[in-house]
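The block underneath contains the structure these notes are about, expressed in structure tokens.
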Amino acid sequence: MQRYIGQSDVYSFNHYLYGEPYLGSFDGMRFRLGREPLENVFFRPKEEQAKDGENDAYFLATVWPEPWCYEKRDPGSVREERFPFSEEGFDQAVDWIIKQHDSGETEIGQ
């Protein structure tokens, strides 16, 4: 499988510790990757960065067809998946986004 979108295209894991998502697009597909909940945890101890109070934080990967922005996308055309908030979860989320593109199911009219 040829990789069109890679880890270097969606910033490093540390970016998500600041509570900011990454939004991008490629070849007719838009995507978003962010820590949920969106919260700046960079200055917390490492063992607390993957927590939200008593609950585990997670990566939420979202894909949808162009041309819509995240706020205006059609909820019926959105695909989402949760991944652990960890380096491994980050890799899994990026791989999932790539697979969504390669499947062709995020194109308009699919």
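The values are calculated or read from the model by the stated rules, or taken from the named source; none is laboratory data. No experiment lies behind these values; they were computed from the predicted model shown. Using ideal geometry, Cβ is built from the backbone for each residue, glycine included, and neighbour counts are taken over all protein chains shown.
Overview of results
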| read-out | value |
| --- | --- |
| Of all residues in the stretch 94-110 being among the polar types (S, T, N, Q) and part of a helix (DSSP H, G or I), the one that is modelled with the highest pLDDT | Gln100 |
| Residue count, the stretch 14-40 (criterion: at pLDDT below 90, touching a helix residue (DSSP H, G or I) at 6+ places or on another chain (Cβ under 8 Å) and not charged (D, E, K, R)) | 2 |
| Complete set of residues in the stretch 20-47 that are over 19 Å from Glu87 (Cβ atoms), of a type in the set (Gly, Ala, Ser) and assigned to a strand (DSSP E or B) | Gly24, Ser25 |
| Criterion violated by Asp91 - all others in (1) at pLDDT 95 or above; (2) in contact with a helix residue (DSSP H, G or I) (Cβ under 8 Å, 6 or more places away or on another chain); (3) over 14 Å from Arg30 (Cα atoms) satisfied | (1) |
| Members of the stretch 74-98 found to be closer than 23 Å to His15 by Cα and exposed (fewer than 13 other Cβ atoms within 10 Å of the Cβ), listed by number | Glu80, Glu87, Glu88 |
| Within the stretch 50-73, tally of residues that are assigned to a loop (DSSP other than H, G, I, E, B), surrounded by 10 or more Cβ atoms within 10 Å (Cβ to Cβ) and more than 17 Å from the chain's Cα centre (by Cα) | 1 |
